[in-house]
1. Tell me, what ³J(HN,Hα) does each residue in segment 151-162 have, in order and in whole Hz, if you take phi through Karplus 6.51 cos²θ - 1.76 cosθ + 1.60 with θ = phi - 60° and put x for Gly and Pro?
2. Answer with one residue from Pro77, Cys138, Trp116: the one whose Cα lies farthest towards the positive end of the charge dipole of the chain, charges on Cβ with Lys, Arg +1 and Asp, Glu -1.
3. Summing +1 for each Lys or Arg and -1 for each Asp or Glu, what net charge is found among the other residues whose Cβ lies under 13 Å from the Cβ of Asp13?
4. Using a/c under 1.5 as the rounded threshold, could you call segment 71-167 rounded, prolate or oblate? The axes a ≥ b ≥ c are square roots of the C-alpha gyration tensor eigenvalues, and prolate needs a/b larger than b/c, oblate otherwise.
5. Residue by residue, what Karplus-based ³J(HN,Hα) values in Hz, rounded to whole numbers, does segment 55-61 have, using 6.51, -1.76 and 1.60 with θ = phi - 60° and x for Gly and Pro?
6. Once you sort the root eigenvalues of the Cα gyration tensor of segment 30-80 as a ≥ b ≥ c, which label holds: rounded (a/c under 1.5), prolate (a/b larger than b/c) or oblate (the other case)?
7. How large is the charge dipole for the chain, taken about the Cα centre, if only the Cβ atoms of Lys, Arg (+1) and Asp, Glu (-1) carry charge, to the nearest 20 debye?
8. Note down the net charge around Met59, summing +1 for each Lys or Arg and -1 for each Asp or Glu among other residues with Cβ under 12 Å from its Cβ.
Amino acid sequence: MAQRIIRPALEQDIPAIMEILAAAKAIMRASGNRNQWINGYPSEEVIRSDIAHSFGYVMADEGCPVAYFTFIPSPEPTYSYIEGGEWINDTLPYHVIHRIGSYPDAHGVFRDIIDWCLQRERNLRIDTHRQNLIMQHCIEKSGFRYCGIIYLQSGDERLAYQLLQTS
């Protein structure tokens with residue numbers, strides 16, 4: 001198996017990251033998710049901001065980037081209100097995982113990302129589009145619990161999940 005590492009994203013990774021995100025969008029569209037990551041999102045400007053704030057990470061196999069994600073410390077403003085449920089714990093600090101994208105032939109990426117994140121933070125939150133059935137499956141398979149609906153700044157809803165490891 002290839003040597004897989006996760007490292008902070010760098011400015012020089014941006015072209016590779018944009019290719020990864022384009023591949024992820026193609027996977028979404030092919031699976032029927034036509035309304036997430038639209039209108040140029042996530043843009044190169046968003047990725048540059050992720051990198052500038054030290055939130056962006058690249059997963060590389062044998063040195064070649066195959067996935068991208070952000071790992072952002074709380075608070076996440078759009079998580080302050082949750083509809084139709086509640087967070088498992090709403091008092092502890094947490095980290096949010098956003099913008100996960102990978103090439104279709106890079107298998108096990110989600111699990112590797114979650115394992116890496118759990119080594120750094122035991123309280124994780126994540127959200128996804130209602131049409132993103134692939135991501136919902138990965139999230140639930142990894143032990144996250146559905147908590148309710150959150151709303152982005154745009155007003156779009158997302159299904160919200162939390163994973164809190166206590167031991």
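The values are calculated or read from the model by the stated rules, or taken from the named source; none is laboratory data. Source: prediction; values computed, not measured. Using ideal geometry, Cβ is built from the backbone for each residue, glycine included, and neighbour counts are taken over all protein chains shown. To get the accessible areas, we keep the full protein, side chains included, count just its heavy atoms, and leave off ligands, DNA and RNA. Shrake-Rupley method; radii C 1.70, N 1.55, O 1.52, S 1.80 Å.
1. So the J values, rounded to whole Hz, are 10, 5, 4, 6, x, 5, 7, 9, 7, 10, 9, 9.
2. Farthest towards the positive pole: Cys138.
3. Net local charge, Asp13 excluded: -2.
4. Oblate, since a/c reaches 1.5 and b/c is not below a/b.
5. Whole-Hz 3J(HN,Hα) from phi for segment 55-61: 9, x, 9, 10, 9, 10, 9.
6. Oblate is the answer for segment 30-80, as a/c is 1.5 or above yet b/c matches or exceeds a/b.
7. Result for the chain is approximately 300 debye, rounded to the nearest 20.
8. With Lys, Arg at +1 and Asp, Glu at -1, the net is -2.
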